[in-house]
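The values are calculated or read from the model by the stated rules, or taken from the named source; none is laboratory data. Given the structure is predicted, the values throughout are model-derived calculations rather than measurements. All Cβ positions, even for glycine, are placed from backbone atoms using ideal geometry, and neighbour counts span all protein chains on display.
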Amino acid sequence: MKIRTLSLALLLALPSLVVAQEITIPSRLTGHFEVSENSDLEGTEANVYMVDGLSYHVQIGERWFRVTRPDVDTAEMSGPELDPTKVKSGGLTGALSGEGPGTWETKPGANLTVTVEDVRNYAAEIDEASGSDPSFKLVRRTMIPAEDMDAYDRGPRGRIARHLARAPAYPNTGDYKGVFWADWGAVFYRGRLNGTARLLGIASDPGPTEGLPFVRRSLVGDAGQRTQGFLEKLGLTHSYVLVNAFTYPTRPSRLAQGRKLFRDFPEQLLWRNQYYDLLYSSGNIQGIALFGEQAKTAFRLWNTYRMDNGHPDLKTEVTVIEAPHPSSGRGEWDSFASKNLARGWRSGITELRKVVTPDDAALAKQPNFGLSFSEADYAPIPPMDLPKKAQDFPGIRDNSWSRTKVTGRRNNSVRRYGSKSMQFNTLAGEEVWLRVVGQNLLSPNRTPRYRKFKNQEAISRYAVRQRFGASSKYLDRMDDLSKTRYLNVLKLVDSSSRTEAQVIEGLDDLLPEPSAD
C-alpha cells in the first residue's frame, strides 16, 4: 500500500485536529533523517511516523520508540522504546503497521527525547537503563524514493502540443493593462495528457510556484499539494489531469476585469473550450472536479459550447462535483474556511469514489477528510508530474517544511516581487532569486529567458539597470540598503500600475540624493 510521505516539519506543524478523523492506519511516514554527532551511531538512518498530531513512532536503526508531546506548540517530545517484535514497517514509502492502534507494547529500560531546533535539525537523547544515555542529532534528508528519481514529465505531445502552441496571448493593453502576470509564460496543465486520465480537475489560475520557469505546471504549490491530497483519497496516483480557467495568473486586485476576458476576447474562450474538449475526448474521464467559482464558470461555458455543437449535457455523461478552491481553506486549522473546505471536499470524495477507478485501491480506502482541513491532508507532487529540472528543487514539490511554526507559517515557499521577479528558499536554506530578462524567442507561451541572482541587492540593481540603463544615477545610491528597501525598489521598478513619472518620483523618495555634507 502506497502512503504519501509528509514533511519532517510536521513535528511542530501538525495540529491536534488531526485526531478529529478516524485513523485506520496506526501511523504513516512523515520524515526521514540521518544520525550525526555521535561516533557510535554516525550515519544511522532514522524515520519518523505520525500517529496523530501529538504522537509519533520513531525508528533509529533497528530500535523503535513512541514519543508524545503535550500540545502542538511544544518543541520537545519523549517516550519509551517499543518491543521491536510488535512492529512491522512497510519501508520508507509505506505505512507502519502492528496489532492495531493502542496495542503497541513497550520495552522497559529506554526513553527517547527529541527536541526540534530548526527545520532540518533535531536534538535527541536516549535515556538508557545502563546509564550510558547517548545524545545525537537527527539531520533531515531529502526523501525521494529511488524508483522515482528518473521520473519526470517530458511535456505535451501530438495534437495537445499543437493546440497549446496555438494558445492566444493574453492582452496587456487598455483595460487589460497589468491585469495578468504575463512575463513568466503560460501554465497549461499537470498530469496525463495521453488520454489515460480518469479525473479532470479544473481550478482558477496559476500561483507563484506554478510560474517558476523550471516548473510551469498547474496546481503545484500549497493549493496543489492540497489537491494532491484530494487525489490520493480517490486512490489516484497518476491517472488525472489538472488545468485552470486561466493560463496566466490574475492579479487579485484586477480579478473583476480579468473575469471579462472570455467575454471580450471570443478567441480566448474558443481556444479554452477546445482544449477541454481534447482532454475529455479520450473517453476515459469518469469524473470532473470543479475547484472554486472560476472553475464552475469555465465548466458552464464549456458545457454550453458543447451543447450548442450537438453534444449532450456533460452532467449526463460523467459525474461532476463542485468543491471549494484549495486556497480557500488557508489560515488556522479550526477556522470556518478550513472547516468549509474539509466539508466540501469530503462530499466530493464521497461522490467521486462511486465512479472513479483508483490506481491504488488500498489508498482509496484511507479516511476521508475530517471536520477540518489539516496538515495530514496534504500530499507532495509526484516527480512524474514535473519537468526534469524541477527535481533539483525537492522543496518545491513538497513545501510542507515552509508551513512549520519553527520558521513562521508560510503557505507558499515561492513569492512574487513585482511582475518580473520571484524568490524561494531551498531545503538547505539558500535564497534563490529569479528574474525574467526577455521573452522566449520562439513563443510567448514558452519558458521565458531568465537569470538567477544571489540576493535582493543583486536583483534590484539589475532591475534598475534593465529599466534605466547602466549609467542610472540610482545605482550609485543603492549601497548598503536594508533588505526591505531593496525589495521596495524592485517592486517599484516593476510596477505595472504606475506611470514612468510616478516610478521616478518613488525612486527619488526611496533613494534620495546624498547630501553635500
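Can you confirm whether segment 278-296 contains a residue that is over 17 Å from ARG198 (Cα atoms) and not in a helix (DSSP H, G or I)? Yes: one or more hits. For PHE262, are the conditions met, namely being of a type in the set (A, V, I, L, M, F, W, C), farther than 24 Å from ARG226 by Cα, assigned by TED's automatic domain parsing to the domain that holds LEU199 and crowded, with 19+ Cβ neighbours inside 10 Å? Yes, satisfied.
Note on segment 198-231: residues that are assigned to a loop (DSSP other than H, G, I, E, B), in contact with a Phe, Trp or Tyr (Cβ under 9 Å, 6 or more places away or on another chain) and either of a type in the set (Gly, Ala, Ser) or outside the structural domain of ARG251 (by TED's automatic domain parsing) (or both) amount to 2. Only one of the numbered conditions (1) closer than 29 Å to LEU234 by Cα; (2) modelled with pLDDT of 85 or more is violated by SER39, and that is (1). Scanning segment 235-277 for residues that are hydrophobic (A, V, I, L, M, F, W, C), more than 21 Å from LEU314 (Cα to Cα) and in contact with a Lys or Arg (Cβ under 8 Å, 6 or more places away or on another chain) turns up just one, LEU236. Scanning segment 291-322 for residues that are closer than 10 Å to ALA203 by Cα and of a type in the set (Gly, Ala, Ser) yields GLY292, ALA295, ALA298. If you go through segment 265-277 and keep only what is surrounded by fewer than 16 Cβ atoms within 10 Å (Cβ to Cβ) and touching a residue at least 40 places away in the same chain (Cβ under 8 Å), you end up with PHE265, GLU267, GLN274. Residues that are small (Gly, Ala, Ser) and either in contact with a Leu (Cβ under 9 Å, 6 or more places away or on another chain) or closer than 30 Å to PHE188 by Cβ (or both): does segment 475-489 have at least one? Within segment 475-489, none of the residues are small (Gly, Ala, Ser) and either in contact with a Leu (Cβ under 9 Å, 6 or more places away or on another chain) or closer than 30 Å to PHE188 by Cβ (or both).
Of the residues screened, ALA463 is one that is closer than 19 Å to TRP181 by Cα and modelled with pLDDT of 90 or more.
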